[in-house]
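Asks: Here it is, the structure in full.
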Amino acid sequence: PAGDGQNLVTEDVTVVEGDVATISCRVKNSDDSVIQLLNPNRQTIYFRDFRPLKDSRFQLVNFSNSELRVSLTNVSISDEGRYFCQLYTDPPQEIYTTITVLVPPRNLVIDIEKETAVEGEEIELNCTAMASRPATTIRWFKGNKELTGKSEVERWSDMYTVTSQLLLKVGREDDGVPVICLVDHPAVKDLQTQRYLEVMYKPQVRVSQNYPLQGLTREGEPLELTCTAFGKPQPTDMRWLRVDDEMPQHVVVSGSNLLISNLNKTDNGTYRCEASNAVGKSHADYMLFVY
């Protein structure tokens, strides 16, 4: 029976699919015994510096009394397993080294439930990392803030496909912000993909006083107000009205501007600018008091 491998040293090998694995069998105290390397089916790959196995992917890197070092090029999953280092002493000694093959995810895809969302809506995003081993860890970010998704792992023979689901309630501040799906996996660095959110929101409306720039709205003087509104989609419909009252005859409205050329006390009241788009309607008020 094989004794323990007390005079033999080796290390486990982890390698990315397609790369080169190097297996080293070393002897601590050499006594000219023969070193050999066997594959997981216990076929001899190398016996000294001779290769009985007809697989040219195995090449000798170093051979001496104290070391047999062999490289295996273009590693595939089928190469995984235990490889045995043997020393022909009496009794023979043997230790094993394990080759582990990593496979990076084939691709990374974000799928958004709807291309365009409306503020306040909750949307679902899914990120899928195809066919990797081991299974991938998926992380989500919105801008640079990390979010928490829910992952599901599917196994297909030796490969794992992971899908992570993210539920996201969107606001207007999310419009144009990237949602990033990032992969944590030993076989790959910095693998990520992103989609930009498109969020529709109702107009934001502001009324500003152009004239008088500072100071009081005095009788007999002019008043000019401007209404600005932006939203997504950009509001097309904008109108001025007077709250709880008719608009005075002498008020001139042109587009987003409202002009009263000669203020008097009867103009006192609240003037409202309303803007609307496909999402909804908003307004801003200006309270006029004539001194």
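The values are calculated or read from the model by the stated rules, or taken from the named source; none is laboratory data. Worth saying up front: this structure is predicted, and the values here are computed from it rather than measured. A quick note on method: Cβ atoms are made from the backbone with ideal geometry, for glycine too, and the neighbour counts reach across all protein chains shown. For the accessible areas, the whole protein counts, side chains as well, though only heavy atoms, and no ligand, DNA or RNA atoms are used. Shrake-Rupley method; radii C 1.70, N 1.55, O 1.52, S 1.80 Å.
Asks: Over the heavy atoms of F47, what accessible area does a 1.4 Å probe trace out, to the nearest 10 Å²?
Replies: Approximately 70 Å² for this residue.
Asks: Each label point is 7 Å from the Cα along the Cα-to-Cβ direction; what then is the distance between the points at Y88 and N210, in nm?
Replies: About 10.1 nm separates the two model spin labels.
Asks: Moving on. If one puts a single equal scatterer on every Cα of segment 107-190 and applies the Debye formula without solvent, what log₁₀ I(q)/I(0) results at q = 0.12, 0.13, 0.15, 0.24 Å⁻¹?
Replies: So the normalised log intensities are -0.37, -0.43, -0.55, -1.16.
Asks: More than 24 Å apart: what percent of Cα pairs in the chain qualify?
Replies: The share of Cα pairs beyond 24 Å in the chain comes to 69 percent.
Asks: With the Cα gyration tensor of segment 168-246 giving a ≥ b ≥ c as the square roots of its eigenvalues, does the rule (a/c under 1.5 for rounded; else a/b larger than b/c for prolate; else oblate) give rounded, prolate or oblate?
Replies: prolate
Asks: Pop a pseudo-label 7 angstrom from the Cα along the beta-carbon direction at both T73 and F289 and give the gap in nm to one decimal.
Replies: 8.9
Asks: Output wanted: per-residue J couplings in Hz (rounded whole) for segment 20-26, from phi through Karplus 6.51 cos²θ - 1.76 cosθ + 1.60, θ = phi - 60°, x for Gly and Pro.
Replies: With coefficients 6.51, -1.76 and 1.60, one gets 9, 9, 10, 10, 10, 10, 10 Hz.
Asks: Measuring from label point to label point, each 7 Å out along Cα→Cβ, what is the N107 to T193 span in nm?
Replies: Placing both labels 7 Å along Cα→Cβ, they lie 0.7 nm apart.
Asks: Assuming a viscosity of 1.567 mPa s and a temperature of 4 °C, what translational diffusion coefficient in µm² per second does Stokes-Einstein assign to segment 202-288, Rh being the Kirkwood radius over Cα pairs?
Replies: Roughly 97 µm²/s, to the nearest whole number.
Asks: While we're here: Give me the net charge for the shell around N257: Cβ to Cβ below 14 angstrom, other residues only, Lys and Arg +1, Asp and Glu -1.
Replies: Here the count lands on +1.
Asks: Give K202/K265; K142/K202; K54/K189; K114/K150 a once-over and call out the pairs whose C-alpha atoms are over 31 Å from each other.
Replies: From the list (K202/K265; K142/K202; K54/K189; K114/K150), the Cα-Cα distance tops 31 Å for K202/K265; K54/K189.
Asks: So for segment 8-80, Kirkwood radius off the Cα pairs, Stokes-Einstein at 25 °C and 0.890 mPa s: how many µm² s⁻¹?
Replies: Taking Rh from Cα pairs, D becomes 193 µm²/s.
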